[in-house]
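Here is the structure we will look at.
The values are calculated or read from the model by the stated rules, or taken from the named source; none is laboratory data. What you see is a predicted model, and the numbers here were worked out from it, not measured in a lab. Backbone-built Cβ (ideal geometry, glycine too); neighbour counts: all protein chains shown. Heads up: the accessible areas ignore ligands, DNA and RNA and are worked out on the full protein's heavy atoms, side chains in. Shrake-Rupley method; radii C 1.70, N 1.55, O 1.52, S 1.80 Å.
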Amino acid sequence: MKKLACIAFASLLSSGLAHAQGEDNYPSRPITAILSSAPGGGSDIIFRYLATKLTPILGQPFVMDNKPGANGAIAMTAVKRAKPDGYTLTLGASASHVMNPVLYANLPYHPVKDFTAIGQLGTVGILLAASNDFPANNLKELAEVARKQKEPLQYASYGIGSTGHFCGEVLAQMSGYKLSHVPFKTVPQVISALIAGDVKVGFTDMTAGSAAVKNGQIKALASCTSKTPSLPGVGGYVDQGIDFDRKFRWVLYGPAGMPEPVAKKLRDALNTVLAMPDVIAKFREFGISAESLDGDKVNQIVERDIADWREIARKGRITAE
């Protein structure tokens, strides 16, 4: 009997010690951020900046682990498989959590069930840009150019099934003029092609695209789907007569099953950061409208947006399989 009591006490002591070293003491070591873009890409730039603000609050540095490819699926699958202890996080985007479920029937992760949605960073547009010598400065003028051409107007994006591809398809379906998709592998490749004039029109992420516009390398025609704070003079789709308004989002995620005290600590830290004036200003440069949303609300929006974009994909016959 005494032996059983000792075992029970030792088990309880061990459990309490593990708890003290785990949830209550979180974080006690560096946190890994698995990122869906290569160094210099959207999620990489944003998370590296975010980490400079989170580290002083959490007391631990972040280690960046870039796993680009498959529209974010490689990175998201790695996060799904990680231990849900708060030491593996990622930035999920509309590409990884909305477009991929539309594109892939056998996606190796579920966008809601396999993740803990800690909180939203904000919303962002996708930039429709053009070479500086292209004879259009907005969607109305783009329509005139497209109508005069015998062949469909070519536009570039950063891959089949990317958010840029979907933005092009929305434009084609709702404007009535013909567009032809030219997929590149990355946003920097699209920007380089626009600068060189190899392709005249293309979609880029707002972070990299805004910088190229401000540097005078390319010009902006529109923001898909709503206006962007980084280029306030550029109209969104709705402003320019395209009646489709679904915002793209950046969300901080961890694996499913994270302990609530750990998720709450991260959520509180994120919300503190998002309220900082310098963060709001920096996000504006990135094209992000800082807007905090809790995980449950994010998941509801993700499921709604999947249904809407699935219909766009069906009409446009967009598939990655």
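Ordering Val79, Gly168, Pro188 by the projection of their Cα atoms onto the charge dipole of the chain, which places +1 on the Cβ of Lys and Arg and -1 on the Cβ of Asp and Glu, puts Val79 at the extreme positive end. For region 193-321, taking Cα atoms only, Rg and Dmax work out to 17.6, 52 Å respectively.
What is the helix-to-structure angle for 139-148, meaning the angle in degrees between its Cα long axis and the longest Cα principal axis of the chain, kept from 0 to 90 and rounded to the nearest 10? With rounding to tens, the tilt is 50 degrees. The Cα center of region 263-314 and the Cα center of region 73-88 differ in position by 19 Å.
As a rough guide to protection, the peptides 177-187, 23-33, 244-254, 208-218 ranked by mean Cβ packing within 10 Å, highest first, stand as 244-254, 208-218, 177-187, 23-33. Computed across region 234-278, the Kirkwood hydrodynamic radius from all distinct Cα-Cα pairs reaches 13.8 Å.
Helix 163-175 and the longest principal axis of the Cα set of the chain meet at an angle near 40°. Cross-link partners for Lys140 among the aspartates and glutamates, with Cα-Cα distance under 12 Å and sequence neighbours closer than 8 places in the same chain left out: Asp239. Remark on region 125-220: Rg and Dmax equal 12.0, 34 Å (Cα only).
As a rough guide to protection, the peptides 286-293, 159-166, 269-276 ranked by mean Cβ packing within 10 Å, highest first, stand as 159-166, 286-293, 269-276. Averaged over its residues, the chain has an accessible area of 45 Å² per residue, based on protein heavy atoms and a 1.4 Å probe.
Given a 1.4 Å probe and the protein chains as shown, Met174 ends up with an accessible area of around 80 Å².
Within the shell of other residues whose beta carbon sits under 15 angstrom from the beta carbon of Gly235, the net charge comes to -1, with Lys and Arg scored +1 and Asp and Glu -1. With Cα atoms as the point set, the radius of gyration and Dmax of the chain evaluate to 21.9, 92 Å. Shape annotation for region 32-128: C-alpha extents along the principal axes are 41, 37, 22 Å, from largest to smallest.
Once C-alpha pairs closer than 8 Å and six or more residues apart are averaged by separation and normalised to the residue number of the chain, the relative contact order reads 25 percent. For the chain, the carbon plus sulfur part of the accessible surface works out to 54%, probe radius 1.4 Å. Computed over Cα pairs, the Kirkwood radius of region 45-203 leads via Stokes-Einstein (1.306 mPa s, 10 °C) to a diffusion coefficient of 89 µm² per second. If you sort the three axes of the alpha carbon gyration tensor as a ≥ b ≥ c, you get a/c of 1.5 or more for region 255-319 and a/b no higher than b/c, which makes it oblate. State log₁₀ I(q)/I(0) for region 128-167 at q = 0.35 Å⁻¹ as given by the Debye formula over alpha-carbon point scatterers of equal weight, solvent excluded. With one equal scatterer per Cα and no solvent, log10 I(q)/I(0) is -1.15.
Pairs from the list Lys53/Lys185; Lys247/Lys297; Lys227/Lys315; Lys150/Lys178; Lys178/Lys315; Lys83/Lys247 with a Cα-Cα gap above 19 Å: Lys53/Lys185; Lys227/Lys315; Lys83/Lys247. Between 0 and 90 degrees, the angle of helix 2-21 with respect to the longest Cα principal axis of the chain falls at about 30 degrees. Antiparallel beta bridges, as assigned by DSSP with both residues in the chain, represent about 60 percent of the total such bridges. Placing a label point 7 Å from the Cα of Met64 along the Cα-to-Cβ direction, the residues of region 166-208 with a backbone N closer than 14 Å are 208.
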